[in-house]
Structure formats: C-alpha cells, structure tokens
Amino acid sequence: MRTIQELQASIARLKQESDVCILAHSYQSPDILEAADVTGDSYQLSVSARQSNCKRLLVCGVRFMAETAKLLNPDKDVFEANPEAGCPMAEQFTPEQILAEKAKYPDCAVVAYVNTTAAIKAVSDVCVTSSSALQIVKAMPQTDILFIPDCNLGAYVQAHCPEKRIHLVQGGCPYHGAITLEEVLAAKQAHPNALLLVHPECNPKISAMADFVGATSNIMRYAKESDAEEFLIGTEISIVMHLSMACPDKRFYPMASRLICPDMRVTTLADVERVLREIADGSAAAVTLPVAVSQGARHSLEQMLCYGNG
Ligand code: SF4
C-alpha cells in the first residue's frame, strides 16, 4: 500500500502531465485538500472552475459540483474523483415536481440553491449559494419567490427579506437539518464561552440563536479573524478539524458530533490518483449533460454570477 506522500507525489506528476486542475470542496479530507489546486465552498469552486486555464478539471466533492463545473466550462473535460458521491439534498426533487409547485404561483421566480442537479437548475430562473441567497433574492424584481430545495435556507432568507413572499418546498440537507435545538443548547452549556457559528442549512431556530450565520467559507473566515478563542461550529464536522489545524491557539467544537456528510467521505486520495491515471490513459469518463438541460442550467448559473456573491 502506498503512503499519502507517495500518492500525493504521483498526483502532482499526473495532473501536470494531463493539464488537470483539481478542485476540492472544504469538506474533503486534509490529504485531498493538500493535493488540490483550488479549495473552497460551492461558490468558490464554481468561480475558480471558470478561471482555470487548465484543459481538464477534476472535482473532489459531490456530483452537483462536477455538473456545475461542466456547465460553467462547456469546452473543458470535467471528471469526478468518485462518481458515487451524490448529495441527498440536490437529488431530492424531480424537475416535474418543481414545475408542479411553480404552477401554484404563476408570477413567481424559481430560485434554486446551487446544491441541485443540473435538471433542477434548468427549470429555475437563478441559482444562489448560501452566501449569495439573501442578496440575490433582495435584488430580484419579482415579489413571489419559489425557493428550492432547502426550506431552512429559504426561511433564513425570508426572515431577513420581509418584503418578499418566499414559497418553500420541504427539502433540505439531511445532516445540517437534522441537528436539534436541544443538541445545540447542550453544546452551548458544555462550552459557555464559545461563539456559535452556523450554516443556514440548519434549523432556523438554531440560526436565530447563532453569533454568526454564513456559508462554510464565511464561517472559516469569521473564526480565523475573530478575537474570540472558542467556537461551536455548526456545519460539517470536517471544518472543526480544518480550523483546528489552521488556528492552533483557538478551540473549535462541533455543534453536534453527528454532523457528518457520508457522501463527502466517499472520495479518497487513492480515488483521485486512480482517476488521474484513467485521464492519462484515456479511459476516464467525463461528465456529460443533455444539451437542453445544459442550456437552461447554465443560464441559471450565469444569472447567479451576474448578481455576484455579496
Ligand atoms: S452536507 Fe448536506 S448539502 Fe452538503 S453535500 Fe452533504 S448532504 Fe449535500
């Protein structure tokens, strides 16, 4: 069995030979993040995917992120480090279900969280990320908004944007959304001096009691820049580890120890190296999307990038 260092050395050589840019989501393991060219949350990966000069992109994350990279880079070959890595939230509705919901509110605009399949993006008007959702909804001309699929993020936007009528569907992240108020109160009691930093995919009652609510990258920035010394981290548990490594003088605790996304754990460093070998010998399967889906989904993503990230 090869060591992490041997795999990383092989990855560095293979990606240079095949002109591959590796994009890794912040929830990936440290050995993958070290081997990546770009790390960040969904929005940062989307933007970086477009700015890369490499001919090929390899995405370490979940399926919708690879689709997004392909949509924003139609001329590049995009590969997934592990095609088994999906996102239950992104895949919980069909386009037909969303169109049926839209029919109830004829004048509404459909706002899709970027954590959706390309097929869902294709029936939406604009995509948003957790950090841009509020700014984009406020800037949109429509008063009625059908916000999909995360009802917690949608409720957070509604709470801060009372001038809009936000219609929700009952979707969301099965991990962020499952954390209870009781668990958070217990964590606060155990660490009374810690600031509570949470992702808006959490229950709105938890967001309402937080010291800071934001996307993963914003939570990380806030924790690094804050003068506080202890933090309860209300997003995927890997961020606790990454922050602990980045800020050894500060203490980071998970808001709940079961806030783990199994899909984000599927990809290994060995997967990354294997796919790079397959890219080199021409046997790797690149991400493909139907033309009609691509056109509609790309439009929603382009709209998101036009509005900016706030
Ligand atoms: S943490 Fe939740 S939203 Fe993120 S990839 Fe996992 S299931 Fe999807």
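The values are calculated or read from the model by the stated rules, or taken from the named source; none is laboratory data. Keep in mind that what you see is a predicted model, and the values were worked out from it rather than measured. Quick reminder, even Gly has a Cβ in these numbers, built from the backbone with ideal geometry, and neighbours come from all protein chains shown. Accessible surface areas use protein heavy atoms only, side chains included; no ligands, DNA or RNA. Shrake-Rupley method; radii C 1.70, N 1.55, O 1.52, S 1.80 Å.
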Once phi is turned into θ = phi - 60°, what whole-Hz ³J(HN,Hα) does the Karplus curve with 6.51, -1.76 and 1.60 give for every residue of segment 160-165, x standing for Gly and Pro?
9, 9, x, 6, 10, 9
Calculated from DSSP H runs of 4 or more alone, at -39500 (n - 2.57) each and per residue, what is the 222 nm mean residue ellipticity of the chain, nearest 500?
-12500 deg cm²/dmol
At 10 °C and a viscosity of 1.306 mPa s, what translational diffusion coefficient does Stokes-Einstein give for the chain, taking Rh as the Kirkwood radius over Cα pairs? Give it in µm²/s as a whole number.
80
Quick one: length gained pulling residue 31 to residue 51 fully straight, 0.36 nm per residue minus the C-alpha distance?
4.8 nm
If every Lys and Arg gets +1 and every Asp and Glu gets -1 at its Cβ, then about the Cα centre the chain yields a dipole, in debye to the nearest 20, of 300
Starting from 0.36 nm per residue, how many nanometres of slack lie between residue 265 and residue 211 once their C-alpha separation is accounted for?
16.6 nm
Förster radius 30 Å - calculated FRET efficiency between residue 305 and residue 165 (Cβ-Cβ, nearest 0.05)
0.70
On full extension of the chain, what length is gained from residue 244 through residue 1, given 0.36 nm per residue of separation minus the C-alpha to C-alpha distance?
84.6 nm
Note down the net charge around residue 14, summing +1 for each Lys or Arg and -1 for each Asp or Glu among other residues with Cβ under 9 Å from its Cβ.
+1
Averaging the inverse of every distinct alpha carbon separation and then flipping it gives the Kirkwood radius. What is it for segment 181-260, in angstrom units?
12.2
Placing +1 at every Lys and Arg Cβ and -1 at every Asp and Glu Cβ, with all other atoms neutral, what dipole size does segment 181-260 have around its Cα centre, in debye to the nearest 20?
80
Alpha carbon centre of segment 157-194 versus segment 15-51: separation in Å?
29
Taking a label point 7 Å from the Cα of residue 185 along Cα-to-Cβ, the residues of segment 199-220 whose backbone nitrogen sits under 18 Å from it are 203-211
With an 8 Å Cα cut-off and a minimum separation of 6 or more residues, compute the relative contact order for the chain in percent.
22
Apportionment of accessible area to carbon and sulfur, segment 124-230, percent (1.4 Å):
50
